[in-house]
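J.: Right, I'll just put the structure down here and ask away after.
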Amino acid sequence: MARIRLGMVGGGNDAFIGGVHRIASRIDDRYELVAGALSSTPEKAQASGKVLGLARIYDDYKQMAIREARLKNGIEAVSIVTPNHVHYEAAREFLKRGIHVICDKPLTSTLADAKKLVKAAENSKALFVLTHNYTGYPMVRQAREMVANGDFGKIRVVQVEYPQDWLSVEQDFKQAEWRTDPARSGAGGSTGDIGTHAHNLARFITGLEVESLAADLEAFVPGRKVDDNGHVLLRFEGGAKGMLWCSQVAPGNENALRIRVYGETGGLEWAQEDPNYLWHTPFGEPKRLITRNGAGAGDAAARVSRIPPGHPEGYLEGFANIYSEAADAIVAHRDGQPVPADVLFPTITDGLKGVEFIDACVRSSARNAAWVKL
């Protein structure tokens, strides 16, 4: 099968997330990176493109979108891995030229831009993929399948958290600088950066939408203009209740994304830093450990597992699963076929829900943790 010709916006050779996306696109050998506008300055864009050996290097994304759309063998898809405030305009340029978009989260830095981007995607023939990579983990797929199969009965309680510690003090390097600048990150700090992952994971596993929330956000580091900690009460459709905690000032936590879901007949627990294992507890019975590709794991998990049980699959492989499922969808689109029913990746709708979550948290906190409808 011919590899998909891929471009990249942002993600210069010294950028963390750009490297992650490039690795993810190569793991299953579904893409070939051929073009890029990798930095906000022409000098850095050219230098990064040469280091990566790109066939075509552009000074800016608009120039890239125009030129690639005209080429016979131009890119079929583009990865957008810039700071949040660039997502809308960059994605729009490629969507209107029929080039598929694979965009890092959150969708945009403002709710207004998110709504405009949804319209741009609806008016485009191209696909839009959002890289909430944790949805690609095999045991997350297992949990989703078990909930959908009714293994826990009606869901009552959802507890999800994502604490980190890397912003416990003021930082001045690139990754911290733009993430704590509301002009580039958006109004949400930890809520936008990692709270959206927790929110998305809860939605993905349970299939439930958040109807309203009450958020208490805080910037503990003096002078910080966006939140670095958030406590959020959640009310889901159907009556389930939940709590979400996101923090980047919790010493001792690296990327401690965790979720617990409890229904009428049982519960589940999963932790991102121990990704091979899913705990299932039927009510009144001992806990059961389900392992990736082990006994009890179902088809949904097996579909996105590559190696035998006992070998950990996690962050990069989760990203790769999103890229590979996007590739399946792009190939189907290329052939004039519908996207296969078992192909599963976050969409622009998921992106809009994430930005609505950030916006609601900020509004609620500004009103002293008042309840806000999404």
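Quick note: the coordinates plus some simple rules give every number you see, no bench work behind them. None of the values given here were measured: they were computed from a predicted structure. Virtual Cβ from ideal backbone geometry, glycine too; neighbours counted across all protein chains shown.
J.: Which ³J(HN,Hα) values, rounded to whole Hz and listed in residue order, are derived for the range 230-243 from phi using the Karplus coefficients 6.51, -1.76 and 1.60 in 6.51 cos²θ - 1.76 cosθ + 1.60 with θ = phi - 60°, glycine and proline given as x?
T.: Using θ = phi - 60°, the values come out as x, 10, 10, 8, 10, 10, 9, 4, x, x, 5, 10, x, 9 Hz.
J.: Find which of Ile322, Ala360, Ala341 sits farthest along the positive direction of the dipole of the range 278-374, computed with +1 on the beta-carbon of Lys and Arg, -1 on that of Asp and Glu, about the Cα centre.
T.: Projecting each Cα onto the dipole axis, the largest value belongs to Ala360.
J.: Let me ask another. Residue farthest toward the positive end of the dipole of the range 1-149, with Cβ of Lys/Arg at +1 and Asp/Glu at -1: which of Ile66, Leu52, Leu111?
T.: Of Ile66, Leu52, Leu111, it is Ile66.
J.: ³J(HN,Hα) across the range 86-96 via Karplus (A = 6.51, B = -1.76, C = 1.60, θ = phi - 60°), whole Hz, x for Gly/Pro?
T.: Each residue's phi maps through the Karplus curve to give 8, 3, 4, 5, 5, 4, 4, 4, 7, 4, 6 Hz.
J.: A follow-up question, please. Please turn the phi angles of the range 170-180 into ³J(HN,Hα) values with the Karplus equation 6.51 cos²θ - 1.76 cosθ + 1.60 (θ = phi - 60°), one per residue in order, whole Hz, x for glycine and proline.
T.: Result, rounded to whole Hz: 4, 10, 10, 7, 3, 5, 6, 4, 6, 6, 10.
J.: Largest first and in whole Å, give the semi-axes of the chain's equivalent ellipsoid, each being the square root of 5 times a Cα gyration tensor eigenvalue.
T.: 32, 26, 19
J.: Using square roots of five times the C-alpha gyration tensor eigenvalues, list the equivalent-ellipsoid semi-axes of the range 1-53 in whole Å, biggest first. Intermediate results must be reported in sequence, preceding the final value.
T.: Numbers: eigenvalues 83, 26, 12 Å².
Computed over the range 1-53, the values are 20, 11, 8 Å.
J.: So for each of 82-88, 151-157 I average, over its residues, the number of other beta carbons within 10 Å; can you give me the resulting order with the highest mean first? Could you put the intermediate results ahead of the total?
T.: Details: 82-88: 22.9, 151-157: 16.4.
The most tightly packed comes first, giving 82-88, 151-157.
J.: Return the Rg/Rh value of the range 4-126, two decimal places, where both radii are evaluated on C-alpha atoms and Rh is the Kirkwood radius. Write out the running numbers ahead of the final one.
T.: Details: Rg = 13.3 Å, Rh = 14.2 Å.
With Rh from the inverse mean 1/r over Cα pairs, Rg/Rh is 0.94.
J.: Under a 5 Å amide H to amide H cut-off, with H placed in plane at 1.01 Å, what residues pair with Val129 once short-range neighbours are removed?
T.: Placed amide hydrogens put Val101, Ile102, Cys103 under 5 Å from Val129.
J.: If you fit an axis through the alpha-carbon atoms of helix 111-122 and take the longest principal axis of the Cα set of the chain, what angle between them do you get, 0 to 90°, nearest 10?
T.: Helix 111-122 sits at roughly 70 degrees to that axis.
J.: Under 20 Å Cα-Cα from Lys50, which aspartates and glutamates qualify once same-chain neighbours fewer than 8 residues away are excluded?
T.: Correct list for Lys50: Asp14, Glu32, Asp59, Asp60, Glu68.
J.: Determine the sum of side-chain charges near Val51: Lys and Arg each +1, Asp and Glu each -1, restricted to other residues whose C-beta is under 11 angstrom from that of Val51. Numbers along the way, then the final one.
T.: Working: positive: Lys44, Lys50; negative: Asp14.
That sum, taken over residues with Cβ under 11 Å, equals +1.
J.: For the range 164-210, state the semi-axes of the equivalent ellipsoid (square roots of 5 times the eigenvalues of the alpha-carbon gyration tensor), sorted largest first and rounded to whole angstrom.
T.: Details: eigenvalues 134, 27, 10 Å².
Here the semi-axes work out to 26, 12, 7 Å.
J.: I'd like the distance between the alpha-carbon centres of the range 49-64 and the range 216-261, rounded to an integer number of Å.
T.: So the separation of the two Cα centres works out to 38 Å.
J.: Can you tell me the mean projection area, over all orientations, of the convex hull of the range 79-142's alpha carbons? Units nm², please. If you can, show how the numbers build up before the last one.
T.: Working: hull surface 18.2 nm².
Its Cα hull, projected and averaged over all orientations, spans 4.6 nm².
J.: What is the angle, in °, between the Cα long axis of helix 16-27 and the longest principal axis of the Cα atoms in the chain? Nearest 10 is fine, range 0 to 90.
T.: The two axes meet at around 90 degrees.
J.: I've got another one for you. Looking only at the chain, where both bridge partners belong to it, what percent of the DSSP beta bridges are antiparallel (to the nearest 5)? Working shown, then result.
T.: Values: 37 of 63 bridges.
Taking every DSSP beta bridge within the chain, about 60 percent pair in antiparallel fashion.
J.: Something else: Do any GluC sites (Glu not before Pro) in the range 119-221 lie in a loop, going by DSSP, with at most 13 other beta-carbon atoms within 10 Å of their beta carbon, and if so which? Write out the running numbers ahead of the final one.
T.: On the way: sites: Glu122, Glu145, Glu161, Glu170, Glu177, Glu209, Glu211, Glu218; in loops: Glu170, Glu209.
For GluC sites (Glu not before Pro) across the range 119-221 that sit outside H, G, I, E and B with at most 13 neighbouring Cβ atoms in 10 Å, the list reads Glu170, Glu209.
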